[in-house]
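Reviewing the structure listed below.
The values are calculated or read from the model by the stated rules, or taken from the named source; none is laboratory data. None of these values were measured; they are calculated from a predicted model. FYI the Cβ positions are ideal-geometry reconstructions off the backbone, even for glycines, and counts take in every protein chain you see. These area figures cover heavy atoms from the full protein model, side chains too; ligands, DNA and RNA do not enter into them. Shrake-Rupley method; radii C 1.70, N 1.55, O 1.52, S 1.80 Å.
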Amino acid sequence: MEVTGTAGVPGDKSITHRLLLLAGLIPGRSRIRGALTSLDARSTARVLRALGAGVSALRAGAEVVVRGRARFRQPAASLACGNSGTSARLLLGLLAAHRFRSRLTGDASLRRRPMRRVTEPLVRMGARFDGPDPAPDRLPLVVRGGPLAPLVWELPVSSAQIKGCLLFAGLAGAAPVALREPGGRSRDHTERLLRAFGYALAEDAAGWIRFEPTGRLEPFDLEVPGDPSSAAFLVGAALLANAGSLRVEGIGLNPTRAGYLRVLDRMGARISVVARGTRCGEPVGDLVVQPTALRATTVTAGEIPGLIDEIPLLAVLASRADGTTRFQQVGELRVKESDRLGLLAANLRAVGAAAAVEGDTLAVLGGERPPRGPVRTEGDHRIAMAFAVLGTVGGARVRVDDLACAAVSFPGFEETLRSVDAGRRGGSR
Ligand code: S3P
């Protein structure tokens, strides 16, 4: 295809969840502009309402107004987190500091995802869980919160959801928390927001993050940057195009999220970054992307946390690059919205590309044959969007079984992808 024009993407998913949750615990009205209004963001909003906060309807283009309260109210029913692991894990941190029982659940995918990584440290802090397992590993689970003790904890995997959960527990429970991630740094949105509220949060040379719950939450009015993970799909489509140029506007460029841009740079991608100031304490800018013949690279273990959500997209790009690309130590992908590692390799093969999982490494051999074949998403939004992008290649015939699941993180994905295609603009074709 030929790309053209300028596109924006919906608000950052991680920042939207965090702002909604923080606002829910701040008495008064907070305003969030540019919030993501996807299914995942709606899950957080729905649960907040069940906990007594007022949250206006999440509608694209409309500001979200949250009327928070200093403490949540005991919910009358189960708290349903849908497909959203971020909602479940961050909420668990907040609920651990509330003296009531609440039951958390989610859809079939979320009920398969590991929770012990957060329940275990929360138990250390003083939370209790009903049932035979003191630190249950799966939803649904019933948490009984209460007074929390300080925590010193080394995370089993680098994960912003674990970090966010424990920092939120420290915040709501007024308990100091010290954390360390084992590998590369995961996204640091929670840390940035807490600092912005005046909390003491420092990181030492050994990687310990020390949080002292000393600040003060005040109602806020903030604008969310465009989601760099959503932008990645448009960037990918522009790189695979055979002509034109695309500008993706107003996206977050936090270095703990921009790992995919560093990898694409090594692959030879023609992308220029135009800085546009900051939003929510995060650097924001535009990406100007030109079609490029890519070369293979090795993505090392330390880089993975900084691009964890972009691996499906990078893998489909690798299938068009010159040489074999390796993604090292990507075992975490097995416990995302699907077994993303197995599904990625299987789908790449289904469309005629060569891909293999060797231990925890994903190897993708690039080629020039047009991708053709069926793609099974298992409801995983990022698998769906990555293969839809691959389907834009000349001569491709990629049949994604469910593209509607893109609405989990990127409402309007199909329309946006169509709008950047010079040949399909305005519905021609
Ligand atoms: C997220 C963290 C990531 C990411 C997810 C959102 C967050 O998960 O995959 O889409 O907002 O904290 P992990 O940090 O647990 O890998």
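Below are the figures for this structure:
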| read-out | value |
| --- | --- |
| Using θ = phi - 60° and Karplus 6.51 cos²θ - 1.76 cosθ + 1.60, couplings along the stretch 116-121 (whole Hz; Gly, Pro as x) | 4, 4, 10, 5, 4, x |
| Relative contact order [Cα under 8 Å, 6+ residues apart], the stretch 207-307, whole percent | 32 percent |
| With every protein chain in place, the chain: carbon and sulfur % of accessible area (1.4 Å) | 48 percent |
| Accessible-area value, L294, 1.4 Å probe, nucleic acids and ligands omitted, Å² | 10 Å² |
| Long-range amide H partners of A60 with built H, under 5 Å | none |
| Amide proton proximity set for L294, modelled H, under 5 Å, gap of 5+ | D322 |
| Two-site label geometry, D130 and E223: point separation in nm, points 7 Å out along Cα→Cβ | 4.6 nm |
| Rounded to whole Hz, the Karplus (6.51, -1.76, 1.60) HN-Hα couplings of the stretch 322-339, x for glycine and proline | 8, x, 9, 9, 10, 10, 8, 6, 10, x, 4, 5, 5, 10, 8, 4, 9, 6 |
| Unit charges on C-beta of K, R, D, E only; dipole of the chain, Debye | 1020 debye |
| Percent antiparallel among DSSP beta bridges (both partners in the chain, rounded to 5) | 65 percent |
| Amide H partners (placed H, <5 Å) of R138, local residues excluded | M115 |
| Surface accessible to a 1.4 Å probe, per residue, for the residues of the chain, Å² | 37 Å² |
| Orientation-averaged projected area, Cα convex hull of the chain (nm²) | 18.7 nm² |
| Order of exposure, largest accessible area first, which applies to F220, F233 with probe 1.4 Å | F220, F233 |
| Degrees between helix 160-172 axis and first principal axis of the chain (Cα, 0 to 90, nearest 10) | 20 degrees |
